[in-house]
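Contents: one structure, followed by commentary.
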Amino acid sequence: VLDKRVPLSKYLLAINIAKSEFREAYNTGDVDRMVALSDPGIVDFTDGANCGFGQDALRARLQELFRKYDVRLSIIEIEIRIVGEIAYDYGWHAWSLSSRNGGGVVARKDRYVDIWRKNEKGEWKLWMYMDNRDLGPC
(Lines give C-alpha, C1' and ligand atoms only; values in the text may rest on other atoms or scores of the structure.)
Protein backbone atom coordinates (compact mmCIF):
# COMPACT_ATOMS: atom_id res chain seq x y z
CA VAL A 1 0.00 0.00 0.00
CA LEU A 2 1.36 3.40 -0.94
CA ASP A 3 2.09 5.78 1.89
CA LYS A 4 -0.50 8.52 1.34
CA ARG A 5 1.82 11.02 3.03
CA VAL A 6 4.27 10.64 0.14
CA PRO A 7 3.31 12.63 -2.97
CA LEU A 8 2.69 10.50 -6.07
CA SER A 9 5.37 12.54 -7.84
CA LYS A 10 8.02 10.96 -5.57
CA TYR A 11 6.99 7.48 -6.69
CA LEU A 12 6.98 8.57 -10.34
CA LEU A 13 10.45 10.07 -9.89
CA ALA A 14 11.71 6.81 -8.35
CA ILE A 15 10.48 4.83 -11.39
CA ASN A 16 12.00 7.39 -13.77
CA ILE A 17 15.33 7.09 -11.98
CA ALA A 18 15.14 3.29 -12.15
CA LYS A 19 14.31 3.46 -15.86
CA SER A 20 17.31 5.75 -16.42
CA GLU A 21 19.46 3.20 -14.61
CA PHE A 22 17.99 0.51 -16.91
CA ARG A 23 19.04 2.53 -19.97
CA GLU A 24 22.53 3.16 -18.64
CA ALA A 25 23.04 -0.51 -17.74
CA TYR A 26 22.42 -1.40 -21.39
CA ASN A 27 24.42 1.51 -22.79
CA THR A 28 27.46 0.63 -20.68
CA GLY A 29 27.11 -3.14 -21.16
CA ASP A 30 26.98 -3.58 -17.38
CA VAL A 31 25.34 -6.90 -16.56
CA ASP A 32 25.75 -6.48 -12.79
CA ARG A 33 24.09 -3.05 -12.89
CA MET A 34 21.07 -4.47 -14.70
CA VAL A 35 20.80 -7.50 -12.43
CA ALA A 36 20.98 -5.22 -9.36
CA LEU A 37 18.03 -3.28 -10.77
CA SER A 38 15.94 -6.44 -11.10
CA ASP A 39 13.78 -8.33 -8.65
CA PRO A 40 15.14 -11.81 -7.74
CA GLY A 41 12.00 -13.28 -9.33
CA ILE A 42 12.22 -11.30 -12.56
CA VAL A 43 10.25 -12.62 -15.53
CA ASP A 44 11.95 -11.76 -18.83
CA PHE A 45 9.82 -12.02 -21.97
CA THR A 46 12.27 -10.41 -24.39
CA ASP A 47 11.19 -10.71 -28.03
CA GLY A 48 13.17 -13.31 -29.93
CA ALA A 49 14.60 -14.92 -26.78
CA ASN A 50 13.55 -17.83 -24.61
CA CYS A 51 11.50 -16.91 -21.56
CA GLY A 52 13.74 -16.12 -18.62
CA PHE A 53 12.88 -16.58 -14.97
CA GLY A 54 15.08 -15.15 -12.22
CA GLN A 55 18.25 -13.12 -12.11
CA ASP A 56 20.50 -15.96 -13.30
CA ALA A 57 18.52 -16.24 -16.55
CA LEU A 58 18.66 -12.45 -17.00
CA ARG A 59 22.40 -12.48 -16.37
CA ALA A 60 22.96 -15.22 -18.96
CA ARG A 61 20.88 -13.43 -21.62
CA LEU A 62 22.67 -10.13 -21.05
CA GLN A 63 26.13 -11.71 -21.07
CA GLU A 64 25.33 -13.26 -24.45
CA LEU A 65 23.92 -9.96 -25.78
CA PHE A 66 26.91 -7.90 -24.66
CA ARG A 67 29.35 -10.53 -25.94
CA LYS A 68 27.87 -10.13 -29.43
CA TYR A 69 26.95 -6.43 -29.50
CA ASP A 70 27.80 -2.96 -28.35
CA VAL A 71 24.33 -1.78 -27.33
CA ARG A 72 22.82 1.70 -27.45
CA LEU A 73 19.32 2.15 -26.07
CA SER A 74 17.01 5.14 -26.31
CA ILE A 75 13.74 5.07 -24.41
CA ILE A 76 10.48 6.67 -25.43
CA GLU A 77 8.33 6.39 -22.34
CA ILE A 78 4.62 6.99 -22.77
CA GLU A 79 3.38 6.67 -19.21
CA ILE A 80 4.09 5.38 -15.72
CA ARG A 81 1.17 4.06 -13.69
CA ILE A 82 1.37 3.23 -10.00
CA VAL A 83 -1.06 0.78 -8.42
CA GLY A 84 -0.20 0.09 -4.80
CA GLU A 85 3.20 -1.56 -4.50
CA ILE A 86 3.27 -2.22 -8.26
CA ALA A 87 4.15 0.24 -11.01
CA TYR A 88 4.35 -0.18 -14.73
CA ASP A 89 5.64 1.88 -17.57
CA TYR A 90 5.29 1.37 -21.27
CA GLY A 91 6.50 2.85 -24.52
CA TRP A 92 9.21 2.09 -27.05
CA HIS A 93 12.83 1.05 -26.87
CA ALA A 94 14.97 2.09 -29.83
CA TRP A 95 18.00 -0.18 -30.07
CA SER A 96 21.24 0.14 -31.99
CA LEU A 97 23.18 -3.12 -31.86
CA SER A 98 26.71 -2.86 -33.28
CA SER A 99 28.20 -6.27 -33.99
CA ARG A 100 31.45 -6.89 -32.16
CA ASN A 101 32.64 -9.20 -34.98
CA GLY A 102 32.27 -6.68 -37.79
CA GLY A 103 28.80 -7.73 -38.88
CA GLY A 104 27.39 -4.20 -39.00
CA VAL A 105 24.68 -2.44 -37.05
CA VAL A 106 21.14 -3.63 -36.38
CA ALA A 107 18.59 -0.93 -35.59
CA ARG A 108 15.24 -1.92 -34.17
CA LYS A 109 12.34 -0.43 -32.28
CA ASP A 110 10.34 -2.46 -29.77
CA ARG A 111 7.17 -1.82 -27.82
CA TYR A 112 7.70 -2.59 -24.14
CA VAL A 113 5.97 -2.93 -20.79
CA ASP A 114 7.95 -2.98 -17.55
CA ILE A 115 6.35 -4.00 -14.27
CA TRP A 116 8.10 -2.84 -11.12
CA ARG A 117 7.49 -3.77 -7.50
CA LYS A 118 8.80 -2.44 -4.24
CA ASN A 119 10.99 -4.73 -2.21
CA GLU A 120 11.15 -4.91 1.59
CA LYS A 121 13.65 -2.01 1.60
CA GLY A 122 11.19 0.19 -0.33
CA GLU A 123 13.27 0.04 -3.56
CA TRP A 124 11.56 -0.33 -6.92
CA LYS A 125 12.87 -3.40 -8.76
CA LEU A 126 12.10 -4.61 -12.26
CA TRP A 127 9.79 -7.58 -11.78
CA MET A 128 8.56 -8.30 -15.31
CA TYR A 129 9.82 -7.22 -18.71
CA MET A 130 7.98 -7.78 -21.97
CA ASP A 131 8.69 -6.43 -25.43
CA ASN A 132 7.97 -7.14 -29.07
CA ARG A 133 8.89 -5.61 -32.39
CA ASP A 134 7.09 -2.44 -33.26
CA LEU A 135 5.27 -2.87 -36.53
CA GLY A 136 4.34 0.76 -37.06
CA PRO A 137 1.51 3.03 -35.95
CA CYS A 138 -1.00 1.57 -33.53
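The values are calculated or read from the model by the stated rules, or taken from the named source; none is laboratory data. Since this is a predicted model, take the numbers as computed values, not measurements. Counting neighbours? That spans all protein chains shown, and the Cβs are built from the backbone with ideal geometry, glycine included. Only protein heavy atoms, including side chains, enter the accessible area calculation; ligands, DNA and RNA are left aside. Shrake-Rupley method; radii C 1.70, N 1.55, O 1.52, S 1.80 Å.
Ignoring ligands, DNA and RNA, please state the percent of accessible area on the chain from carbon and sulfur, probe 1.4 Å.
Heavy-atom surface of the chain belonging to carbon and sulfur, 1.4 Å probe: 55 percent.
For helix 8-27, what angle does its Cα long axis make with the longest principal axis of the chain, in degrees from 0 to 90 and rounded to 10?
Long axis of 8-27 versus the principal axis of the chain: about 20 degrees.
Enter the accessible area per residue of the chain (Å², integer; probe 1.4 Å; all protein chains in place).
57 Å²
Over the range 90-138, what is the relative contact order in percent, taking alpha-carbon pairs closer than 8 angstrom and at least six residues apart?
Once normalised by length, the contact order is 31 percent.
Could you compute how much accessible surface GLU123 exposes when probed at 1.4 Å, giving the result in Å² to the nearest 10?
Estimated to the nearest 10 Å², GLU123 gives 80 Å².
Take peptides 15-21, 89-95 and line them up by average Cβ neighbours within 10 Å, highest first, as a rough protection proxy.
89-95, 15-21
Tilt of helix 55-68 relative to the longest C-alpha principal axis of the chain, in degrees (0 to 90, nearest 10)?
Once rounded, one gets 30 degrees.
Taking only C-alpha pairs under 8 Å that are 6+ residues apart, what is the relative contact order of the range 1-114 in percent?
That works out to 20 percent.
In the neighborhood of ASN27, defined by Cβ-to-Cβ distances under 13 Å, what is the net charge if each Lys or Arg adds +1 and each Asp or Glu adds -1?
With Lys, Arg at +1 and Asp, Glu at -1, the net is 0.
Could you give P(r) for the range 1-135, binned at 5 Å from zero, as whole percent values over all Cα-Cα pairs?
2, 10, 19, 24, 21, 12, 7, 3, 1, 0, 0
Averaging over all projection directions, find the projected area of the Cα convex hull of the range 23-97 and quote it in nm² with one decimal place.
5.2 nm²
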